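Enquirer: Can you read through this structure? Questions will come right after.
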Amino acid sequence: MLTNIDHAPGWRIVEHKGLVQGSTVQSKHIGRDIFASLKNIIGGELKGYTELLEEARNEALRRMMTQAKETGANAVLNVRFSTSTITAGAAEILAYGTAVLVEREEA
Amino acid sequence: MGAVLYFVIPMALLAAGLIIGTFNERRHYKSIQQREEQFQALMVFAGKSLPEGFDAVEVTLVSGGTVVAEDRFKALLAWFRNIIGGRIKSYENLLERGRREAVLRMKEKAAAEGFSIIVNTRFETARISQGVEIFAYGTAAKAR
């Protein structure tokens, strides 16, 4: 379970497992670059990049969740994202959050 | 030959940017407005907590993103604007469009899985090569 608030509504935090993170450095192939520069003439959405970044972000989340599972957590709270261009043509996507063990609250 | 290379081609690209870019922008605004009405019922908050009395049974992280690029004409306008400074209207529109699109995509994902509210919405903007990535994320909740 993932949230970007500091608790999970309906769940009680049993144990904090500390910070977990996952990141990926993604570059795009030259075909996409050429297409993007053509698209740049008329503007608008660069769909290839949108998809690429979504994949990269999911990958970063997956890596973060793998790390969380290793610590024995079943939820990550306060998830944040950060994107930065590392070199021309490559971007790093980072996802991080607090791993916790939660259990259902008795109503 | 030189005239074609240095004048006609750039002018043609500019014109294409102006005409197709403006047309696309109008169409995009129309589509945004339509979808915003469609997803009006799904509320989006920037605050951290769920509204009082909301009994959440399931929460999850939802997100939506888009990469938008300026057209040649907008880039030229911005270049001129940079000389005297001030607000660059053409870029403001572009980013506003991108941001509303990102929120809409986030809402679409939440709505598809039956969530009825999104809290703690955060935005992120990053320049990547030839475009600007706009990304929105938040916590979606389902009522009991």
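Enquirer: Given contacts defined as C-alpha pairs under 8 Å and at least six residues apart, what's the relative contact order of chain B, whole-number percent?
Expert: Details: 205 pairs, mean separation 49.6, N = 144.
Normalised by residue count, the contact order of chain B is 34 percent.
Enquirer: A further question follows. Below 15 Å, Cα to Cα, which aspartates and glutamates can B:LYS74 reach? Residues fewer than 8 away in the same chain don't count.
Expert: Result set, ordered by chain and number: A:GLU45, B:GLU25, B:GLU92, B:GLU96.
Enquirer: Rounded to the nearest 500 deg cm²/dmol, what is the calculated helix-only ellipticity per residue at 222 nm for chain B, with -39500 (n - 2.57) per DSSP H run of length n ≥ 4?
Expert: Value at 222 nm, helices only, nearest 500: -16500 deg cm²/dmol.
Enquirer: Follow-up. Hull surface divided by four, with the convex hull built on the Cα atoms of region B:74-117: how many nm²? Please list the in-between numbers first.
Expert: Values: hull surface 14.7 nm².
Here the figure is 3.7 nm², rounded to one decimal.
Enquirer: In the structure shown, do any of A:LYS39/B:LYS109; A:LYS39/A:LYS69; A:LYS17/A:LYS47; A:LYS17/B:LYS109; A:LYS47/A:LYS69; A:LYS28/B:LYS142 have a Cα-Cα gap over 31 Å, and if so which?
Expert: With Cα atoms farther than 31 Å apart: A:LYS39/A:LYS69; A:LYS17/A:LYS47; A:LYS47/A:LYS69; A:LYS28/B:LYS142.
Enquirer: Give, in nm to one decimal, the length gained when the segment between A:GLU51 and A:GLU70 is fully stretched (0.36 nm per residue of separation minus the Cα-Cα distance).
Expert: Extra length available between A:GLU51 and A:GLU70 comes to 4.0 nm.
Enquirer: Taking the Cα atoms of region B:69-144, what is the range of coordinates along each of the three principal axes, in descending order and whole Å?
Expert: On the principal axes, region B:69-144 reaches 57, 20, 17 Å in Cα extent.
Enquirer: Sticking with this one: Could you state, as a whole-number percent, how many of the C-alpha pairs of chain A are farther apart than 20 Å?
Expert: The calculated P(r) of chain A puts 50 percent of pairs beyond 20 Å.
Enquirer: Once label points are set 7 Å from the Cα along Cα→Cβ at both A:GLU103 and B:GLU108, what is their separation, rounded to one decimal in nm?
Expert: 4.1
Enquirer: Using Cα pairs under 8 angstrom and six or more residues apart, how large is the relative contact order of chain A, in percent? Please list the in-between numbers first.
Expert: On the way: 190 pairs, mean separation 50.3, N = 107.
Computed value for chain A: 47 percent relative contact order.
Enquirer: On to the next question. So which GluC sites (Glu not before Pro) in region B:40-144 pass both tests, a DSSP loop state and at most 13 other Cβ atoms within 10 Å of the Cβ?
Expert: On the way: sites: B:GLU52, B:GLU58, B:GLU70, B:GLU92, B:GLU96, B:GLU101, B:GLU108, B:GLU113, B:GLU124, B:GLU133; in loops: B:GLU52, B:GLU70, B:GLU113.
Those satisfying the criteria are B:GLU52, B:GLU113.
Enquirer: With a 10 Å cut-off between alpha carbons and a GNM built on chain B, which of B:ILE118, B:ILE84, B:ILE128 moves the most?
Expert: B:ILE84
Enquirer: Probe radius 1.4 Å, ligands and nucleic acids ignored: give me the carbon and sulfur share of the accessible area of chain B as a rounded percent. Could you put the intermediate results ahead of the total?
Expert: Numbers: 4890 of 7980 Å².
After summing per-atom areas, the C and S share lands at 61 percent.
Enquirer: Calculate the tail of P(r) for the protein assembly as shown: the fraction of all Cα-Cα distances greater than 33 Å, expressed in %.
Expert: Details: 9114 of 31375 pairs.
For the protein assembly as shown, the share of Cα pairs beyond 33 Å comes to 29 percent.
Enquirer: Each label point is 7 Å from the Cα along the Cα-to-Cβ direction; what then is the distance between the points at B:ARG127 and B:LYS48, in nm?
Expert: Going by the 7 Å Cα→Cβ label model, 3.3 nm.
Enquirer: At a Förster distance of 35 Å, what's the computed FRET efficiency of B:GLU96 paired with A:VAL14, Cβ-Cβ distance as r, to 0.05?
Expert: Details: r = 43 Å, r/R0 = 1.24.
Calculated value: 0.20.
Enquirer: With unit charges on the beta carbons (Lys and Arg positive, Asp and Glu negative) and the dipole taken about the Cα centre of the protein assembly as shown, which residue among B:ILE84, A:PHE35, B:ALA46 sits farthest to the positive side?
Expert: Sorting the options by dipole projection puts first B:ILE84.
Enquirer: Treating each Cα of region B:2-143 as an identical point scatterer and ignoring solvent, apply the Debye formula and state log10 I(q)/I(0) at q = 0.11, 0.14, 0.16, 0.21 Å⁻¹.
Expert: Values returned for q = 0.11, 0.14, 0.16, 0.21 Å⁻¹ are -0.53, -0.75, -0.89, -1.23.
The values are calculated or read from the model by the stated rules, or taken from the named source; none is laboratory data. In this text, all values refer to a predicted model and were calculated from it rather than measured experimentally. Positions of Cβ are generated from backbone atoms using ideal geometry, with glycine treated the same way; all protein chains shown enter the neighbour counts. When the accessible area is computed, the model is the full protein with side chains, heavy atoms only, and any ligands, DNA or RNA have been set aside. Shrake-Rupley method; radii C 1.70, N 1.55, O 1.52, S 1.80 Å.
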